[in-house]
């Protein structure tokens with residue numbers, strides 16, 4: 001079982017969505033106060049309002065729920081510089097690099113991330129895990 005975990009936006013959306021295999025696999029990942037970042041909150045709010053069509057009041061409730069369930073890591077200037085290093089070293093997209101940087105800075109050792117290579121290690125200490133594999 002992993003130590004501190006970090007959860008990507010897609011995992012959040014699946015966990016909060018309608019009953020499905022992915023929702024069933026994603027929801028238990030929220031036990032034990034996993035980490036997310038302000039980027040995850042922002043992306044979740046965007047998906048909730050644009051793709052899911054939730055009114056602002058419901059989106060606010062969703063964000064408040066996530067704040068209560070998770071440790072929220074703030075994207076700082078240091079995070080941005082770490083993300084630049086990650087992007088240069090691994091060639092990930094900017095937003096993937098930024099979220100990985102937040103996971104590293106928060107001391108997580110496992111990052112649940114659907115869209116990356118399963119079991120890849122970042123900087124020798126953060127393991128990417130696709131919970132749907």
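Filtering region 23-44 to residues that are more than 19 Å from residue 79 (Cβ to Cβ) and surrounded by 18 or more Cβ atoms within 10 Å (Cβ to Cβ) leaves 26, 29, 30.
So residue 47 ticks every box in (1) farther than 24 Å from residue 28 by Cβ; (2) touching a residue at least 24 places away in the same chain (Cβ under 8 Å); (3) in a helix (DSSP H, G or I) but one. Which box is left unticked? The number of the failed condition is (1).
With the condition kept exactly as written, say whether any residue in region 51-67 is closer than 17 Å to residue 10 by Cβ and either touching a strand residue (DSSP E or B) at 6+ places or on another chain (Cβ under 9 Å) or in contact (Cβ under 8 Å) with a residue 40 or more places away in the chain (or both). Yes, region 51-67 contains a residue that is closer than 17 Å to residue 10 by Cβ and either touching a strand residue (DSSP E or B) at 6+ places or on another chain (Cβ under 9 Å) or in contact (Cβ under 8 Å) with a residue 40 or more places away in the chain (or both).
Residues in region 86-110 that are out of contact with any helix residue (DSSP H, G or I) (no Cβ under 8 Å at 6 or more places or on another chain), within 16 Å of residue 124 (Cβ to Cβ) and surrounded by fewer than 19 Cβ atoms within 10 Å (Cβ to Cβ): 89, 107, 109. Of all residues in region 1-13, those being free of Cβ contacts under 8 Å to residues at least 24 places away in the same chain and touching a helix residue (DSSP H, G or I) at 6+ places or on another chain (Cβ under 6 Å) number 0. Return yes or no: is residue 26 touching a helix residue (DSSP H, G or I) at 6+ places or on another chain (Cβ under 7 Å), closer than 23 Å to residue 125 by Cα and either assigned to a helix (DSSP H, G or I) or free of Cβ contacts under 8 Å to residues at least 12 places away in the same chain (or both)? Judged against the criteria, residue 26 is a match.
Each value in this text was obtained by applying a stated rule to the coordinates, not by laboratory testing. All values reported here derive from a predicted model rather than from experimental measurement. Positions of Cβ are generated from backbone atoms using ideal geometry, with glycine treated the same way; all protein chains shown enter the neighbour counts.
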